[in-house]
1. Among the residues of the stretch 80-92, which ones are over 9 Å from the mean Cα position of the chain (by Cα) and either surrounded by 15 or more Cβ atoms within 10 Å (Cβ to Cβ) or hydroxyl-bearing (Ser, Thr, Tyr) (or both)?
2. Can you pull out the residues in the stretch 93-109 that are in contact (Cβ under 8 Å) with a residue 40 or more places away in the chain and under 16 Å from the mean Cα position of the chain (by Cα)?
3. I'd like the full set of residues that are among the hydroxyl-bearing types (Ser, Thr, Tyr) and exposed (fewer than 15 other Cβ atoms within 10 Å of the Cβ), limited to the stretch 60-78.
4. What are the residues in the stretch 107-118 that are crowded, with 16+ Cβ neighbours inside 10 Å and within 10 Å of ILE10 (Cβ to Cβ), if any?
5. Any idea which of PHE27, PHE42 is buried (at least 22 other Cβ atoms within 10 Å of the Cβ), out of contact with any Lys or Arg (no Cβ under 7 Å at 6 or more places or on another chain) and either among the aromatic types (Phe, Trp, Tyr) or closer than 14 Å to PHE98 by Cβ (or both)?
6. Pull up the stretch 45-56, narrow it to residues that are in contact with an Asp or Glu (Cβ under 6 Å, 6 or more places away or on another chain) and surrounded by fewer than 22 Cβ atoms within 10 Å (Cβ to Cβ), then point me to the one that is farthest from PHE98 (Cα to Cα).
7. Residue under question is GLY18, and the condition is that it be exposed (fewer than 15 other Cβ atoms within 10 Å of the Cβ) and either without any contact (Cβ under 8 Å) to a residue 24 or more places away in the chain or of a type outside the set (Asp, Glu) (or both); does it hold?
Amino acid sequence: ELMDSCDAVIANLTPFRGISADPGTVFEVGYIIGQGKAAFGFTMDRRHYRERAGAADRDELGHSIEDFEMSDNLMIECGLQESGGQLLVAEQPGEHRFFSAELFRRCVQALIDYSNSR
């Protein structure tokens, strides 16, 4: 119910328990986007996904590792953009490994700007 009542979402997509964003958070972002609502995200990790994956072409099973020069999986970042949102990346380390009040404020402002432009 709570997600259905939202007009948009701001998600912390900083890698958590691995090299990518938390799967539960990614599900929530996809759910919101699937409803035609805007999704904005932020990450404290400035590295591209491939760099976090060890900058290898393939994983230990021989699967190719994407190299789209994006902060995370192509579907996450492009999904945000297609919804009208965006992914904001920390310019410097924050006061906490997983959160920056300043980066969150920038996300809120981006959402306000998006809402005002509609």
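The values are calculated or read from the model by the stated rules, or taken from the named source; none is laboratory data. Keep in mind the model is a prediction, meaning the values are calculated, not measured. So basically every Cβ, Gly included, is an ideal-geometry build from the backbone, and we count neighbours across all protein chains shown.
1. Residues satisfying the conditions are SER83, GLY84, GLY85, ALA90.
2. Passing the criteria: ARG97, PHE98, PHE99, SER100, LEU103, PHE104, ARG106, CYS107, VAL108.
3. From the stretch 60-78, those among the hydroxyl-bearing types (Ser, Thr, Tyr) are 64, 71; that's our starting set.
Residue satisfying the conditions is SER64 alone.
4. Selection gives CYS107, ALA110, LEU111.
5. Just a single option satisfies the conditions, and that option is PHE42.
6. So, considering only residues that are in contact with an Asp or Glu (Cβ under 6 Å, 6 or more places away or on another chain) and surrounded by fewer than 22 Cβ atoms within 10 Å (Cβ to Cβ), the one farthest from PHE98 (Cα to Cα) is ARG50.
7. It is true that GLY18 is exposed (fewer than 15 other Cβ atoms within 10 Å of the Cβ) and either without any contact (Cβ under 8 Å) to a residue 24 or more places away in the chain or of a type outside the set (Asp, Glu) (or both).
For (1) of a type in the set (Gly, Ala, Ser); (2) surrounded by fewer than 18 Cβ atoms within 10 Å (Cβ to Cβ), each residue gets a yes or a no:
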site: GLU1; (1), (2): no, yes
site: SER5; (1), (2): yes, yes
site: LEU13; (1), (2): no, no
site: TYR31; (1), (2): no, yes
